[in-house]
Amino acid sequence: MRLLSGYIVGLVFGLGIAISGMINPAKVLNFFDIAGTWDPSLAFVMGGALVTTFIGYRLVWRRPAPMIGGGFQLPTNTRLDARLIGGSAVFGLGWGIAGFCPGAALPALGTGQVGVFAFVAALLAGIWVARAVQAGLDARREESAA
């Protein structure tokens, strides 16, 4: 049941991204081109997502536990640290340069465009590098604490 629900959620998300045109990087990049070919449709897509999320959370929090899974998994870290701010900046820069965010790039793989595959490969490489750097920092902290 958990696998099926994950598939259905992913399918709905992918269809929404495709129908809204957000798998087209030019559409996303035009949102950032305020002085040129500005396209406000991304703001409407995000606004719709915000409203849906707001309503969805209000409904979900009324339940004692999720329908699938043991319990709600909420983040516990509330600090704004360099790692969060740096990661957000890298995400924003990558999105502004490539016109893809990871959520839109995965459904866009279905288009077969080489640029999408290059973006996803760079995304995976970036995740690997970030994990390697974090592991090195963690090891250095452990050495200095010992």
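Since every read-out is calculated from the coordinates, none of them should be taken as a lab result. None of these values were measured; they are calculated from a predicted model. Note that we place each Cβ from the backbone using ideal geometry, even for glycine, and neighbour counts take in every protein chain shown.
Brief remarks follow.
- In this entry, the stretch 2-145 is assigned a mean projected area of 12.0 nm², taken as a quarter of its C-alpha convex hull surface.
- The helix-only estimate of mean residue ellipticity at 222 nm for the chain, built from DSSP H runs of length n ≥ 4 each weighted as -39500 (n - 2.57), is -23500 deg cm²/dmol after division by the residue total.
- The 3J(HN,Hα) values that the Karplus relation (6.51, -1.76, 1.60; θ = phi - 60°) gives for the stretch 111-125 are, in residue order, 6, x, 6, 4, x, 5, 5, 5, 5, 5, 4, 5, 4, 5, 5 Hz. Gly and Pro appear as x.
- Phi angles of the stretch 24-31 translate, via the Karplus equation with coefficients 6.51, -1.76, 1.60 and θ = phi - 60°, into HN-Hα couplings of 9, x, 5, 5, 5, 5, 5, 5 Hz per residue; Gly and Pro are given as x.
- Trypsin sites (Lys or Arg not before Pro) within the stretch 1-97: DSSP coil, no more than 12 neighbouring Cβ in 10 Å: Arg62, Arg79
- log10 of Debye I(q)/I(0), alpha-carbon scatterers only, for the stretch 102-146 at 0.15, 0.24 Å⁻¹: -0.51, -0.78
- Summing charges over neighbours of Ser88, with a neighbour being any other residue whose Cβ is under 15 Å away from its Cβ, gives +1 when K and R count +1 and D and E count -1.
- Of the chymotrypsin sites (Phe, Trp or Tyr not before Pro) found in the stretch 56-93, the ones in coil according to DSSP and having at most 10 other Cβ atoms within 10 Å of their Cβ are Trp61.
- Karplus 3J(HN,Hα) series, Hz, for the stretch 131-144 with 6.51 cos²θ - 1.76 cosθ + 1.60 (x for Gly, Pro): 5, 5, 5, 5, 4, x, 5, 5, 5, 5, 5, 5, 5, 6
- Rel. contact order, % - alpha carbon contacts under 8 angstrom, at least six apart, the chain: 26
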